[in-house]
Amino acid sequence: MHDQQLATRASELKPSAVRELLKHSKLPGVISLGGGIPAPELFDREGLELAVSQVMSGNFNDAFQYGLSEGYSPLRQSVSELCRLRGVNCPAEEIYITSGSQQSLDIVARTLLDPGDVVVVERPTYLAALQVFQLAQANIQSVDTDDDGMLVEQLADLLTTTKVKMVYLVPTFGNPGGKTLSEERRARVVALAKEHGFIIIEDDPYGEINFTETRWKTLYQHAKELGCADQVIYTSTLSKILAPGLRIGWLVMPEWLAGKAIIVKQATDLHSNSMTQIVTAQYLALNRLPQQIALMREFYHKKGEILANALREKLGDHIEFSQPKGGMFLWARFRYEFDTTAWLSKTLANGVVYVPGEAFYNDAPDKRTLRLSYSTVSDADLVTAVERLAKSL
Ligand code: PMP
């Protein structure tokens, strides 16, 4: 009876079979290649303790008081410096602190989308972005990807028949595919935005976790050069490079959007957590983050290699994949017809879990795919995990 009392947008949300299975990943002895979370040993305990103690002695009242919806000013200032180094050159006034980039996506969706509006995503894409767009009752359309990210010409074809409101991209070391959009495609997608008037959401949680010397321009930077920066919304987060429990992310929004989006933020939570904003501002002022990021690159790079080498050796005849060049994920695909969702209960019985690729598709899932995360697994367990996968075939 209560089903009828649910809002349509909530009743249409589907429970995830994968989530249910992954609950078992906490069982003793199970190695999880499932979660996409940072390695806790990389949390900068010393730096964070210092920042917290400074806040307790110096900013106690502000830390426990209500704050501004736009965010804590010194934090906006240091985030604008972080952004500048990434090629997102904007004043602190254009930076809005959010409770993680997940909230950034939600705020943007609620500010911009009417039910039925077309949102284009990569196939596959970040699962929780799909949930945000589903809750906004958007008409979600997927465009295929290859090793260089979204097939932008496929998007160009879609634009000839469809009015697209927004394109959501994780252009650098994406989740789940680990793919990076080539420079040429970056320029092209921004040019298409200018021509057709759609908005781009550039979601960039992993760009700093780069195992290579290559640097890509942000879509925001391309748009600035092309004179359409008012069509790109950039969001990023400290979740992957500092600590996700802080829940500190941010949005870079053009002026036409920011005024309304801030009201949406107010309606949601008034403002992000004062305490963690101020702790983060203190932490950033210690200038320890660059060193942390350097450590992290090395740490994840090594793990990505261990996993890739083990997979090549033990499962190379069965699956194909590209070696991760950054981020936390290895995306693999069986060389033959295979259902990775069905396979999960078997691998679980052998003590290893992963995320079946199906979870990351809005439609027409490729059941041969799977996402393997190497971020929190010890080197030895990465090898054991692959042996267990091989045994499950
Ligand atoms: N976008 C992508 C692509 C992600 O992978 C994640 C975290 N898994 C988020 C956004 C949300 O991160 P947070 O809210 O912790 O900043």
Query raised in the report: In nm, what is the difference between 0.36 nm times the number of residues separating GLU20 and ALA7 and their Cα-Cα distance?
Result: 2.3 nm
Query - For the chain, built as a Gaussian network whose Cα springs stay under 10 Å, the top-fluctuating residue of GLY36, GLY197, GLY178 - result: GLY197
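Computed over the Cα atoms, what is the radius of gyration of the range 344-389 divided by 2.2 N^0.38 Å, N being its residue count?
1.26
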Query raised in the report: Tell me, what are the semi-axes, in whole angstrom and largest first, of the equivalent ellipsoid of the range 106-169 as set by the roots of 5 times the Cα gyration tensor eigenvalues?
Result: 20, 14, 8
Query raised in the report: Over the chain, one equal point on each Cα, no solvent: what is log10 I(q)/I(0) by the Debye formula at q = 0.08, 0.12, 0.13 Å⁻¹?
Result: -0.42, -0.99, -1.16
Query raised in the report: For the range 195-223 and the range 113-155, what is the separation of their C-alpha centers, rounded to whole Å?
Result: 16 Å
Report task. Run the 1.4 Å probe and let me know the accessible area of THR8, rounded to the nearest 10 Å². Result -> 80 Å²
Query raised in the report: How high is the FRET efficiency between ASP144 and GLN291 when r is their beta carbon distance and R₀ equals 22 Å, given to the nearest 0.05?
Result: 0.05
Requested in this report: Please build a GNM for the chain, connecting alpha carbons under 10 Å apart, and tell me which residue among SER272, SER104, SER73 fluctuates the most.
Outcome: SER73
**Report entry** Low-density loop positions, chymotrypsin sites (Phe, Trp or Tyr not before Pro), the range 326-393 - DSSP coil, at most 11 other Cβ in 10 Å
**Finding:** TYR336
**Report entry** Nearest-10 value in Å² for the accessible area of VAL386, using the 1.4 Å probe
**Finding:** 0 Å²
Requested in this report: For the range 337-383 and the range 29-44, compute the distance between their C-alpha centroids and round to whole Å.
Outcome: 15 Å
Requested in this report: Figure the gain on full extension for GLU81 and ARG335 (residue separation times 0.36 nm, minus the Cα-Cα span) and round it to one decimal in nm.
Outcome: 87.0 nm
Report task. With no solvent and one equal point scatterer placed on each C-alpha of the range 246-393, evaluate the Debye formula and give log10 I(q)/I(0) for q = 0.12 Å⁻¹, two decimals. Result -> -0.72
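The values are calculated or read from the model by the stated rules, or taken from the named source; none is laboratory data. Not measured: the values here are computed from a predicted model. Please note: Cβ atoms are built from the backbone with ideal geometry, for glycine as well, and neighbour counts cover all protein chains shown. Just the protein is used for accessible areas: all its heavy atoms, side chains included, with ligands, DNA and RNA removed. Shrake-Rupley method; radii C 1.70, N 1.55, O 1.52, S 1.80 Å.
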